[in-house]
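Enquirer: One structure is given below, represented as structure tokens, and several questions about it will come after.
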Amino acid sequence: MKIIHRQILKEHISLFLLIGSCLLGLILVGRMLQLREMLLSQNLGALDILRLFVYLSPFFMLLLTPIACMLSVFLTFLRMASDRELTALKASGVSLYQLLPAPIIFCTLCTLFSLFISLFGVSWGMEQFKLSLMEFARTKTKLSLQAGVFNQEFPGLTIYAQQVDLNSGDIRFVFVQDKTSKSFTTTVVAPDGTVTTDSEKEQIKVVFRNGKIFRREGEKLDVLSFGTYAVRLPLGGMLRQMGFERTSPKELSFEKLLEYDADVAKMKEDFDLDRERKVKVEIQKRLALPMACLVLGLFSVPIACVFRALKQQHGLILALGVFLVYYSMLSVFESMGESRLVPPAIGIWVPNILFSALGYGFLRQAVRERVPSGVLWVIQRLPKRSAA
């Protein structure tokens, strides 16, 4: 039995590493594409991008670890069931209960790994990610304008240039509209200008030459001609406007979440009610998601045995569907907890409790080699694995 457990555990780990790395890579690449405009088309090197990947990884691994754990266990037992290995083991007197130590050990390891990420990794990664963004903004940002396009990389600013030289920073036939102030709007029109980055002062400097400034305040319009006019765009302020200095409960460490919750309990007023609800929900979520590794991992064992006639690709779709149901329930109860419709300490744990009960029921049916009538109806309508 030790050899069998060791082989099953080895297959679990190899599948977990493969599935986890693939899912994490896809999510991080998509995230980086979304951050491309926010980073002002920075000329980052491979090591810089890798740093951002590493810092973002804990946040996504908290969500990906349960599904990677579940898929690893599910695909392992689906392969064993479809290849008749489970049948051969049962014929040798080995029951499904005797095979459970390997997935239990694996799911426990995934739970501990996810719990470490939840308690420490998420806050560390998001803090380092923000610091890196500020560092890149101070040292490597260049305003990369596209010729003939209204560029809106800075909040409240619209910049248009008919001709752009990215190497020298020279721009020609420039139009800039500044709406950062609510009381007035400033428009600058100039035949040419230059864009430079000052890393020491943490700003981008745009110098216009021989143009005009149109300042409109209500019904009043002022026009001013100039020989040289400079606009300075603070990089740190831009990132602050985009929300990178506001820390949400999802980015706090578990210790700070508990401290904030304790402080709110002592105060009778003068606190953010919405934030207080989110903190309570986040505390329970940080504990429930790691436990989902154990719940979903063991839930997938009897499911794989029941649906052993499926091809692996169809089994993969089925497992993803099960996780989608779990995560949808978690999202619904999370919203209900933030709205105070249900207590967070109860609502967030409902999916784990429900899937644990269903898993136990399916496990008893799988050991007895019985299939519930509803599941049997589904199996009869799913594509089956062709005979070898």
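Enquirer: Amide H to amide H under 5 Å from Val342: which residues, 5+ apart in sequence or cross-chain, H placed 1.01 Å off N in plane?
Expert: Counting only residues 5 or more places away or on other chains, the set is Gly337.
Enquirer: Using 7 Å Cα-to-Cβ label points, what is the Ser331/Ile346 separation (nm, one decimal)?
Expert: It is 2.5 nm.
Enquirer: Return the distance in nm (one decimal) between the two label points of a simple spin-label model at Lys256 and Leu358, each offset 7 Å from Cα along Cα→Cβ.
Expert: Inter-label distance under the simple model: 3.6 nm.
Enquirer: Subtracting the Cα-Cα distance from 0.36 nm times the residue separation, let me have the gained length for Gln98 to Leu320 in nm, one decimal.
Expert: Length gained, Gln98 through Leu320: 77.3 nm.
Enquirer: Using a 7 Å offset from the Cα along the Cα-to-Cβ direction at both Ile49 and Asp263, what is the distance between the two label points in nm, to one decimal?
Expert: Placing both labels 7 Å along Cα→Cβ, they lie 3.9 nm apart.
Enquirer: Another question, then. First measure r as the distance between the Cβ atoms of Ile105 and Leu287, then evaluate 1/(1 + (r/R0)^6) with R0 = 30 Å and state the FRET efficiency to the nearest 0.05.
Expert: Given R0 = 30 Å and the Cβ-Cβ separation, E is 0.90.
Enquirer: Continuing with this model, one more query. Can you compute 3J(HN,Hα) from phi for each residue in the range 274-287, using the Karplus curve 6.51 cos²θ - 1.76 cosθ + 1.60 with θ = phi - 60°, rounded to whole Hz and x for Gly and Pro?
Expert: Per-residue couplings from phi come out as 5, 5, 4, 5, 5, 5, 4, 5, 5, 4, 5, 5, 5, 8 Hz.
Enquirer: Want the number for Arg232 to Trp124: 0.36 nm per residue separation, take away the alpha-carbon distance, what's left?
Expert: Full extension of this stretch gives 35.6 nm more.
Enquirer: Taking a 20 Å limit on the Cα-Cα distance, which of the listed pairs Lys130/Lys182; Lys250/Lys280; Lys130/Lys205; Lys130/Lys256; Lys130/Lys280 fall beyond it?
Expert: Lys130/Lys182; Lys130/Lys205; Lys130/Lys280
Enquirer: How high is the FRET efficiency from Ile13 to Phe173, r the C-beta distance, R0 51 Å, rounded to 0.05?
Expert: For R0 = 51 Å, the calculated efficiency reads 0.25.
Enquirer: Between Leu221 and Lys90, what length comes free when the chain is fully extended (0.36 nm per residue of separation minus the Cα-Cα distance, one decimal in nm)?
Expert: Stretched fully, the Leu221-Lys90 segment lengthens by 38.4 nm.
Each value in this text was obtained by applying a stated rule to the coordinates, not by laboratory testing. Bear in mind that the values here come from a model prediction, so they are computed numbers and not experimental data. Every residue, glycine as well, gets a Cβ built from its backbone with ideal geometry; the counts of neighbours run over all protein chains shown.
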